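Peer 1: Attaching a single structure in structure tokens format; questions to follow.
The values are calculated or read from the model by the stated rules, or taken from the named source; none is laboratory data. For clarity, every value in this text was computed on a predicted model and none was experimentally measured. FYI the Cβ positions are ideal-geometry reconstructions off the backbone, even for glycines, and counts take in every protein chain you see. Remember, those area values only see protein heavy atoms, side chains included, never the ligands or the DNA or RNA. Shrake-Rupley method; radii C 1.70, N 1.55, O 1.52, S 1.80 Å.
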Amino acid sequence: MFSSVAHLARANPFNAPHLQLVHDGLAGPRGCPAGPTAPPRRSRNLAAAAVEEYSCEFGSMKYYALCGFGGVLSCGLTHTAVVPLDLVKCRMQVDPQKYKGIFNGFSVTLKEDGVRGLAKGWAPTFIGYSLQGLCKFGFYEVFKVLYSNMLGEENTYLWRTSLYLAASASAEFFADIALAPMEATKVRIQTQPGYANTLRDAAPKMYKEEGLKAFYKGVAPLWMRQIPYTMMKFACFERTVEALYKFVVPKPRSECSKPEQLVVTFVAGYIGVWKGLFARIIMIGTLTALQWFIYDSVKVYFRLPRPPPPEMPESLKKKLGLTQ
């Protein structure tokens, strides 16, 4: 199993429609339907999903609201948990002469501010990333359904990676607007000693000095940083889940228990950021995997519809001559 997972991590999931059909074993090298030698596709038993009782209808306002709530928990909790590390990182970037490294940064901060100093900026972090998670995950589901309806069933399947990229980019655009004010406040608290120690002190002071623009000066850099990351995060996760259920997990998702499904979610979250520096894999990989795990756990807890990985539509199979 682990060798299969490693293979998936190295594989490029971003394929054009024709290449995707070849990858799925449904088309020959020149775009012709696969002959008798094509590997058989595993049939999926959706009986379990059919009888499962959901708390709401897929695509309903309640569905989107609960997805947004899952985003609040997944981003708000995880980013707040790493506030001490984020504080030291920000101080290293602003004053590298004083904070020469991670361990030195922690040592200097503890010496000057005590243990409580490591928690500076936790309130704007929690509020800001909760709002970001609300928009990131909630709007992602909205845009994914919206763009899918615009493309139609067949094009949604063929261009599903592009759909994931477009939906996540659209969602992150609004998510960063929601995050920007609290992110700006957090940076002031963490990197300007003596400016303010709490959100209650910092926000009014910033507004009095610079007005609303003080809270949105960093939105463009946020877009430049977060939108590409989120596009890769969501597209890689979606395609990795699909690949895991197809090549690694020995049974369809509808036949997996809830804990088994959540394990796949966590593993897919890690594989999505596999390529990179080792330290970044540990930090960002764990953060991302925990976010997906919490988000999917909310879906499981509230019994939200969780469609299985995409299958080729019957109409497209007929066009390709795969069915009679």
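Peer 1: Rank these by accessible area, largest first, 1.4 Å probe: 232, 224.
Peer 2: 224, 232
Peer 1: If the only charges are +1 at each Lys and Arg Cβ and -1 at each Asp and Glu Cβ, what is the size of the charge dipole of the range 107-194 around the Cα centre, to the nearest 20 debye? Working shown, then result.
Peer 2: Working: 8 positive and 8 negative charges, 82 e Å.
In total the dipole reaches around 400 debye.
Peer 1: Would you work out which of 130, 101, 155 lies farthest towards the positive end of the dipole of the range 74-174? Charges go on Cβ: Lys and Arg +1, Asp and Glu -1.
Peer 2: Going by the Cα projections, it comes out as 101.
Peer 1: On the protein heavy atoms, probe 1.4 angstrom, tell me the percent of accessible surface of the range 101-149 carried by carbon and sulfur.
Peer 2: Here it works out to 71 percent.
Peer 1: If you place +1 on the Cβ of every Lys and Arg and -1 on the Cβ of every Asp and Glu, how big does the dipole about the Cα centre of the range 148-276 come out, in debye to the nearest 20?
Peer 2: 380
Peer 1: Could you size up the charge dipole of the range 55-208 around its Cα centre, putting +1 on the beta carbon of Lys and Arg and -1 on that of Asp and Glu, and report it in debye to the nearest 20?
Peer 2: On the way: 16 positive and 12 negative charges, 158 e Å.
Dipole size: approximately 760 debye.
Peer 1: Taking the highest mean first, how do the peptides 112-118, 190-196 order by number of other beta carbon atoms within 10 angstrom per residue?
Peer 2: For the peptides 112-118, 190-196, the packing ranking is 190-196, 112-118.
Peer 1: Solvent-accessible area of residue 292, probe 1.4 Å, all protein chains present, reported in Å² to the nearest ten, please.
Peer 2: 10
Peer 1: Show which lysines lie in cross-link reach of residue 258 when reach means a straight Cα distance below 17 angstrom and same-chain residues fewer than eight apart are skipped.
Peer 2: 299
Peer 1: Pairs 89/217; 62/217; 186/217: which are spaced more than 23 Å apart, C-alpha to C-alpha?
Peer 2: 62/217, as the Cα separations exceed 23 Å there.
Peer 1: Expressed as a whole percentage, what fraction of the accessible surface of the range 185-246 belongs to carbon and sulfur atoms when a 1.4 Å probe is rolled over the protein heavy atoms?
Peer 2: About 63 percent, which is the carbon plus sulfur part of the accessible surface.
Peer 1: Could you tell me which residue out of 191, 288, 254 lies farthest along the dipole of the range 183-324 toward its positive end? Charges go on the beta carbon: Lys and Arg +1, Asp and Glu -1, centred on the Cα centre.
Peer 2: 191
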